[in-house]
Amino acid sequence: MGTLEIACDESGSEGEKLIGGNTEVFAHAGVLLSEEAAAECIRETRDRIRSPATEYKANHLLRSKHRAVLVWLLAPTGPIYGRARVYLADKAFFAVQKIFEIAYDGPRGQASAVELYRIGPAAFGRERWTAFLEAFNEVMRGRVDPEAFDLVVASLAGMGGRAGELVGSLGGLPARRGAIPLLDPLIPAIVQAVAHWGEGTRPVSIMHDQHNGLTEERIAHIRRVAPLAGLRLADSFYEPRVQVADFLAGVARKIAEEELNGRGDTELVQLLRPYVDLASAWGDERSWASLGLGRVAV
């Protein structure tokens with residue numbers, strides 16, 4: 001079997017800034033289309049929207065007056081159905097996962113991360129919970145000393161209860177960060193894209209929209225942890241396959257973020273469901289029951 005080349009793009013990427021940024025959800029889309037099929041998808045989208053813009057982006061599809069075009073794109077009879085997948089990350093949950101991953105030196109704390117994410121805000125109050133996540137985020141970004149996180153942990157652990165017990169189980173954060181950013185969801189998203197499309201049997205190459213986070217060092221890291229046959233960067237303006245991935249990533253992020261915040265559009269959520277990767281980093285039960293049909297996210 002030959003190498004599959006998957007076109008990818010993201011939406012909501014803010015590097016390692018997970019808390020207090022411009023978006024609450026990160027989305028990474030991959031599409032398996034021929035160049036001709038992708039170009040036809042773009043042509044049809046342009047014919048339906050009729051905007052003079054030189055390059056169409058997801059925000060064109062998200063405008064209420066173009067809702068019919070978005071429904072067409074995602075529908076089972078549409079041009080990308082069965083040929084596309086999107087990895088979602090609720091950034092707050094992704095941060096909690098990383099806290100336990102670092103504290104437990106591996107994935108053993110996954111169940112604890114899910115539990116704390118679900119009970120923490122109510123147990124500590126939204127303000128203290130946000131301060132906890134921000135302290136972790138800033139330490140790992142090298143903005144403040146690790147002791148700042150330790151102080152927040154101590155104060156929350158002292159409040160008692162199951163949430164306090166879970167926080168109290170966390171060890172100190174490392175004083176130094178490695179060269180590979182632990183908190184950027186882009187890297188695990190690409191690793192998962194390789195795993196999904198290759199299914200453990202086929203080599204996968206990625207054609208990704210230009211992104212300053214994809215340095216040679218980080219691409220080399222991805223190659224070490226995933227069977228990546230190759231990764232090249234392309235400009236979505238000239239590459240229709242990447243532009244289609246941009247469409248899916250952008251609309252998926254918006255649909256998922258609205259659902260996470262209790263403002264979901266039932267029709268659009270249902271249309272997005274078949275595209276959502278089960279390996280998405282999502283801890284909220286209610287919204288995941290809609291986005292993932294009750295399937296368990298990790």
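The values are calculated or read from the model by the stated rules, or taken from the named source; none is laboratory data. Just so we're clear, the structure is a prediction, and the values are computed from it rather than from any experiment. Positions of Cβ are generated from backbone atoms using ideal geometry, with glycine treated the same way; all protein chains shown enter the neighbour counts.
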For residue 79: the one exception among (1) surrounded by 15 or more Cβ atoms within 10 Å (Cβ to Cβ); (2) under 22 Å from the mean Cα position of the chain (by Cα): (2)
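When residues of segment 73-97 are filtered for being of a type in the set (A, V, I, L, M, F, W, C) and farther than 12 Å from residue 272 by Cα, how many remain?
At the first step, the residues of segment 73-97 found to be of a type in the set (A, V, I, L, M, F, W, C) are 73-75, 80, 84, 86, 88-89, 92-96.
Filter once more, so that each one left must be farther than 12 Å from residue 272 by Cα: 89, 92-96.
Final tally of qualifying residues: 6.
Pick from 68, 39, 27, 53: which is of a type in the set (A, V, I, L, M), surrounded by 21 or more Cβ atoms within 10 Å (Cβ to Cβ) and assigned by TED's automatic domain parsing to the domain that holds residue 188? Give the steps one after another, and end with the answer.
Values: 68 fails: surrounded by 21 or more Cβ atoms within 10 Å (Cβ to Cβ); 39 fails: surrounded by 21 or more Cβ atoms within 10 Å (Cβ to Cβ); 53 fails: surrounded by 21 or more Cβ atoms within 10 Å (Cβ to Cβ).
The conditions single out 27.
Just wondering, is there one or more residues in segment 241-252 that are at pLDDT 95 or above, within 19 Å of the chain's Cα centre (by Cα), within 30 Å of residue 119 (Cβ to Cβ) and buried (at least 17 other Cβ atoms within 10 Å of the Cβ)?
Going residue by residue through segment 241-252, those that are at pLDDT 95 or above are 241-252.
Among the residues that remain, those that are also within 19 Å of the chain's Cα centre (by Cα) are: 242-252.
Subset that is within 30 Å of residue 119 (Cβ to Cβ): 252.
Right, trim to buried (at least 17 other Cβ atoms within 10 Å of the Cβ) and you get 252.
The answer is yes; a qualifying residue exists.
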Residue ID - nearest to residue 258 (Cα to Cα), chosen from residues in segment 56-94 that are among the charged types (D, E, K, R) and in contact (Cβ under 8 Å) with a residue 40 or more places away in the chain: 90
Any hit, segment 139-154, residues being hydrophobic (A, V, I, L, M, F, W, C), at pLDDT below 95 and within 20 Å of the chain's Cα centre (by Cα): yes
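Could you grab me the full set of residues in segment 269-286 that are assigned to a helix (DSSP H, G or I), touching a residue at least 60 places away in the same chain (Cβ under 8 Å) and not charged (D, E, K, R)?
Looking only at segment 269-286, we keep the residues that are assigned to a helix (DSSP H, G or I), and these are 269-275, 285-286.
Cutting the leftovers down to touching a residue at least 60 places away in the same chain (Cβ under 8 Å) gives us 271-272, 274-275, 285.
Result: 271, 272, 274, 275.
Which of the residues spanning segment 125-147 are in a loop (DSSP other than H, G, I, E, B) and free of Cβ contacts under 8 Å to residues at least 60 places away in the same chain? Spell out the reasoning first.
Step one: filter segment 125-147 for residues in a loop (DSSP other than H, G, I, E, B), giving 125, 141-145.
Matches in segment 125-147: 125, 142, 143, 144, 145.
Within segment 203-210, is even one residue surrounded by fewer than 19 Cβ atoms within 10 Å (Cβ to Cβ), under 14 Å from residue 13 (Cβ atoms) and in the same structural domain as residue 8 (by TED's automatic domain parsing)?
Let us first name the residues in segment 203-210 that are surrounded by fewer than 19 Cβ atoms within 10 Å (Cβ to Cβ), namely 203, 205, 210.
Going one step further and asking which of them are under 14 Å from residue 13 (Cβ atoms), we end up with 210.
Going one step further and asking which of them are in the same structural domain as residue 8 (by TED's automatic domain parsing), we end up with 210.
Yes, segment 203-210 contains at least one residue that is surrounded by fewer than 19 Cβ atoms within 10 Å (Cβ to Cβ), under 14 Å from residue 13 (Cβ atoms) and in the same structural domain as residue 8 (by TED's automatic domain parsing).
Residue by residue, here is whether (1) closer than 23 Å to residue 286 by Cβ; (2) crowded, with 17+ Cβ neighbours inside 10 Å; (3) of a type outside the set (Ser, Thr, Tyr) holds:
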residue: 61; (1), (2), (3): no, yes, yes
residue: 91; (1), (2), (3): yes, yes, yes
residue: 123; (1), (2), (3): yes, yes, yes
residue: 130; (1), (2), (3): yes, no, no
Enumeration of residues in segment 253-274 that are small (Gly, Ala, Ser) and either touching a Lys or Arg at 6+ places or on another chain (Cβ under 7 Å) or surrounded by 15 or more Cβ atoms within 10 Å (Cβ to Cβ) (or both): 256, 264
Scan of segment 161-219 for residues that are touching a residue at least 40 places away in the same chain (Cβ under 8 Å), in a loop (DSSP other than H, G, I, E, B) and β-branched (Val, Ile, Thr), ordered by number: 180, 201
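Results for (1) of a type in the set (Val, Ile, Thr); (2) within 30 Å of residue 131 (Cβ to Cβ), shown as yes or no for each residue.
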| residue | (1), (2) |
| --- | --- |
| 4 | no, no |
| 13 | no, yes |
| 35 | no, no |
| 51 | no, no |
| 79 | no, no |
| 86 | yes, no |
| 95 | no, yes |
| 104 | no, yes |
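Of all residues in segment 225-268, which are of a type in the set (Asp, Glu) and assigned to a helix (DSSP H, G or I)?
Just the residues of segment 225-268 that are of a type in the set (Asp, Glu), to begin with: 235, 239, 246, 257-259, 265, 267.
Passing the criteria: 246, 257, 258, 259, 267.
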